[in-house]
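The values are calculated or read from the model by the stated rules, or taken from the named source; none is laboratory data. Note that this is a predicted model, so its numbers are computed, not measured. For neighbour counting, all protein chains shown are included, and Cβ atoms are generated from backbone atoms with ideal geometry for every residue, glycine included. Surface accessibility is based on the protein's heavy atoms, side chains included, excluding ligands, DNA and RNA. Shrake-Rupley method; radii C 1.70, N 1.55, O 1.52, S 1.80 Å.
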Amino acid sequence: MAHGDRNHHAKIATGKGDPQCFKGTSDGPPKFKVGQRVRIRNLPDIFYTRCQVYTRGAVGEVAVITHESPAPEDEAWGHVDKSEWFYIVRFKQKDLWPEYPAAFANDTLQTEFSERWLEPA
Amino acid sequence: MSTDTREEVLRHLKAVVEVQPPVQQTGKAQYSWNITHEQFRAYTRSPHDVGGEVDVPVEWTEEHGEAWGYRAYVTTEVMAWRGVWCAEERRRMQNVDLGTSQYLGLPYYGRWLLAAARVLVEGRHCTLTELINKIDEVKKRHGTR
C-alpha cells in the first residue's frame, strides 16, 4: 500500500520475484565481507523486527552475503523504496547461551540480518 | 558495551516469562513507577521472537492439514497477488500484531485468517461494519452461532 498504490509491490515483483526485484537497489556494495567478525546491534525493537533478541550484543562471523531487500522493519508497512544488503551470520552456540555444554563447543547457529543490525566487532 | 548488552538480553529472556501471559498477572494497567525498563521491554517485544525463552520441551507431531486451513492459505496468497499485502506485512499481522496470547494459542492458519480479515479493514478495502454484517449473514446462512 506504499504511496497509495496498493499494487506497488506486486507490480515491481511480477516476472522477477522477490527479493530478485530489489537487486541493485541498495546504496552501494555490502559493507561487510564473508568471514568478517560482526557484532549485532541492540537497536529498539518495538512493533516489528526479525532481528532475534537473543543475538543482540553477540559476535559472529559473516557466512554468506545473500541479497538486497527493503529491511523487514520497513517492508512490514509496505515501504519498499529503500533496500539494504542481507547477511547470514554464524555464531558459536556457546557465545549465545552461557549454559551451553562445553562438550558441544563447536556447535554453531546461523541466522539472517539486514545490514543495519551489524557493526564491526 | 557488548557484555552489558549480553547481560541485558539474557535477563530479558527471563523477564518475558514473568509478564506473559498477562492473564496470570496480579497487576493490571500498572502505574508507570511500578514498571521497570526490563519489564517494559518484555511487554513490548515482538511475540514471534520466542528464541531463547524458557519453555518446556515440545513433543514433535506430524500436523494433519485441514481443508479450511488450505483455503485460508490460498486466500492469503491470492490477496498478495492482488497487491493487498506483501509477505512481510503478512508476517507482521499474523505473528506480531495479534499479541502473545493469540500468537501462542490459536491454530497456525487461524492466525492467517484473522490477519486476512484485519488487512481488509486496515487497508480500507472494506469497513469493519461491512465485515461484521457479512460474517453475521454467513453465520445465519449456515445456521451456526
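Flag: residue A:40 does not match the condition of being of a type in the set (Val, Ile, Thr) and surrounded by fewer than 17 Cβ atoms within 10 Å (Cβ to Cβ). When you check residue A:16 against the structure, is it assigned to a helix (DSSP H, G or I), free of Cβ contacts under 8 Å to residues at least 60 places away in the same chain and more than 19 Å from the chain's Cα centre (by Cα), yes or no? No, not satisfied.
What pairs come up if the first residue lies in region A:103-118 and is more than 19 Å from residue A:56 (Cα to Cα), the second is at pLDDT 95 or above and open to solvent by less than 70 Å² (accessible area, probe 1.4 Å), and their beta carbons are under 6 Å apart, counting only those six or more places apart or on different chains? Nothing qualifies. Among the residues in region A:95-112, are any surrounded by 13 or more Cβ atoms within 10 Å (Cβ to Cβ) and within 18 Å of residue B:88 (Cα to Cα)? Within region A:95-112, one or more residues are surrounded by 13 or more Cβ atoms within 10 Å (Cβ to Cβ) and within 18 Å of residue B:88 (Cα to Cα).
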